[in-house]
Amino acid sequence: MTQTQTSDYLIMIIDDLPSNLAYFNDALITFGYRTATAGDGKEGVEKIRQLSPDLILSDVNMPVMDGFELSMVVKGDPATKDIPLVLVTANDDRQALVKGLNSGVDDFLIKPVNLSELQARVRNLLLVKDYSDHMKRYAGILEEQVALRTTELEQALEEVSRSNLRLREATQDTIQRLATAAEFRDKDTAAHIWRMSHFTHAVAEELGMDSAFLESILYASPMHDVGKIGTPDNILLKPGKFEPAEKETMEQHTIIGERILGKSDHPLLALAREIAGGHHEKWDGSGYPRRKAGEEIPISARIAAVADVYDALTTKRIYKAAWEPQDAFKFIAEESGSHFDPAVSAAMMNIRPKILELQQSKLSKPD
């Protein structure tokens, strides 16, 4: 084997036999890793806490503390639980493997250890750890961004409350800023939110809602996707199908939207919070984020769901062509009672001419 350039990765090797320590130490150095060693589990735990290695390679049968006990200590400590841990054992029976998995072990190597297998296992686990570390860093950055946006919104609303402007003028200004926040990243968003808001108003009117509700939903519904502020560009603008992890990240925009809007007692923003958190729920309980069903879903969100889906279907997106309106209406009728509230679906179908008129109006291309 030819020694490679030393990497930044540090691997902790724990074994009570000096010959085994030397064997793994020489191999890992040859692979290009930095190493540290310990002669038993207790010493290993101390050095792990001191050095914070990137991976732990430990024998199972050791005095003082065996590999299973070591794993339970390492995985039970929040400071070290995410470090990949590989146990090396001559025992390949299923009971031992299950015991190791229950103690938090990430992988096993069976003696005699093949060096090519060792190199591959170590490399793969380090790649997984790198991805996990990246996601934790990203989650921290996202949390800070959401907290910052929330603070900015709270400050804006406090300023509005201190001002002597008329209520409608102040709230519309706040909504405009929130609803068009994603416009800087997705050029389709601005037109979508304003079309969708007028669709919700029309459906709510057909359902016989009172004038106060009609005005509120007109101005609250544009904030249904405000949580996409926290969605990464590579997911928000992806032209193809989402991977499972990407889909889960995308679905978080409903929760983020609720959090952004969640600190205000203003009735309009409270309605917007309902819509942001519930417009992807489904009548049959198969939606997200909380799998609410039927009338558990606020009526505002049930109305917004129909309007949002219709506009999404009939609009060209980076990942699909636009549907013809008649096909979108057919889909809404077919999904009545599963995706959509049957009464809301019926109201949408009853006002097809009005919906088509709104699509052709200047609302489709806001300034």
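The values are calculated or read from the model by the stated rules, or taken from the named source; none is laboratory data. Owing to the predicted nature of the structure, the values given are computational and were not obtained by experimental measurement. Cβ: placed from backbone, ideal geometry, glycine included. Neighbour counts: every protein chain shown.
With the condition kept exactly as written, say whether any residue in region 318-332 is within 22 Å of TYR219 (Cα to Cα), of a type in the set (A, V, I, L, M) and in contact (Cβ under 8 Å) with a residue 24 or more places away in the chain. Within region 318-332 (the criterion being within 22 Å of TYR219 (Cα to Cα), of a type in the set (A, V, I, L, M) and in contact (Cβ under 8 Å) with a residue 24 or more places away in the chain), the answer is no, since none of the residues qualifies.
Among all residue pairs at least 6 apart or on different chains, which show Cβ distances below 6 Å where the first residue, located in region 111-129, is under 21 Å from ASN61 (Cα atoms) and the second is aliphatic (A, V, I, L, M)? Sorted first by the residue in region 111-129, then by its partner, the pairs are LYS111/ALA90; LEU115/ALA27. Residue count for region 214-230, restricted to those that are free of Cβ contacts under 8 Å to residues at least 40 places away in the same chain and touching a Ser or Thr at 6+ places or on another chain (Cβ under 9 Å): 1.
Pick from region 288-319 the residues that are among the polar types (S, T, N, Q) and in a loop (DSSP other than H, G, I, E, B): which of them is modelled with the lowest pLDDT? In this case the residue turns out to be THR315. Picking from residues in region 329-349 that are outside any helix (DSSP H, G or I) and of a type outside the set (A, V, I, L, M, F, W, C), the one that is nearest to the chain's Cα centre (by Cα) is HIS339. Within region 268-309, the set of residues being surrounded by fewer than 24 Cβ atoms within 10 Å (Cβ to Cβ), under 16 Å from LEU218 (Cβ atoms) and β-branched (Val, Ile, Thr) comprises just one member, ILE299. Regarding LEU57, is this residue surrounded by fewer than 14 Cβ atoms within 10 Å (Cβ to Cβ), out of contact with any Pro (no Cβ under 8 Å at 6 or more places or on another chain), within 21 Å of LEU127 (Cα to Cα) and in the same structural domain as LEU115 (by TED's automatic domain parsing)? Criteria not met by LEU57. Within region 250-287, being closer than 16 Å to GLY227 by Cβ, modelled with pLDDT of 95 or more and assigned to a loop (DSSP other than H, G, I, E, B) holds for HIS279, HIS280, GLU281, GLY287. Taking first residues from region 132-155 that are assigned to a helix (DSSP H, G or I) and partners that are among the basic types (Lys, Arg), the Cβ contacts under 8 Å between residues at least 6 apart in sequence or on separate chains come to VAL146/ARG259; THR150/ARG259; THR150/LYS263; LEU153/LYS263; GLU154/LYS263. Does region 111-125 contain any residue that is closer than 25 Å to GLU46 by Cα, in contact with a strand residue (DSSP E or B) (Cβ under 6 Å, 6 or more places away or on another chain), at pLDDT 85 or above and in a strand (DSSP E or B)? No, region 111-125 contains no residue that is closer than 25 Å to GLU46 by Cα, in contact with a strand residue (DSSP E or B) (Cβ under 6 Å, 6 or more places away or on another chain), at pLDDT 85 or above and in a strand (DSSP E or B). Filtering region 60-82 to residues that are surrounded by fewer than 17 Cβ atoms within 10 Å (Cβ to Cβ) and either among the small types (Gly, Ala, Ser) or over 30 Å from the mean Cα position of the chain (by Cα) (or both) leaves ASN61, PRO63, VAL64, GLU69, GLY76, ALA79.
Please specify each residue of region 219-235 satisfying the condition of being assigned to a helix (DSSP H, G or I) and either surrounded by 19 or more Cβ atoms within 10 Å (Cβ to Cβ) or touching a Cys at 6+ places or on another chain (Cβ under 8 Å) (or both). Once the filter is applied, which keeps residues that are assigned to a helix (DSSP H, G or I) and either surrounded by 19 or more Cβ atoms within 10 Å (Cβ to Cβ) or touching a Cys at 6+ places or on another chain (Cβ under 8 Å) (or both), region 219-235 yields TYR219, ALA220, SER221, PRO222, MET223, VAL226, GLY227, LYS228, ILE229, GLY230. Summed over region 11-30, the residues that are surrounded by fewer than 21 Cβ atoms within 10 Å (Cβ to Cβ) and either under 18 Å from LEU109 (Cβ atoms) or not assigned by TED's automatic domain parsing to the domain that holds ASN114 (or both) give a count of 12.
Filtering region 34-46 to residues that are over 24 Å from LEU127 (Cβ atoms) and surrounded by fewer than 19 Cβ atoms within 10 Å (Cβ to Cβ) leaves GLY39, ASP40, LYS42, GLU43, GLU46.
Of all the listed residues (GLU258, GLU274), the sole one being more than 24 Å from PHE242 (Cα to Cα) and acidic (Asp, Glu) is GLU274.
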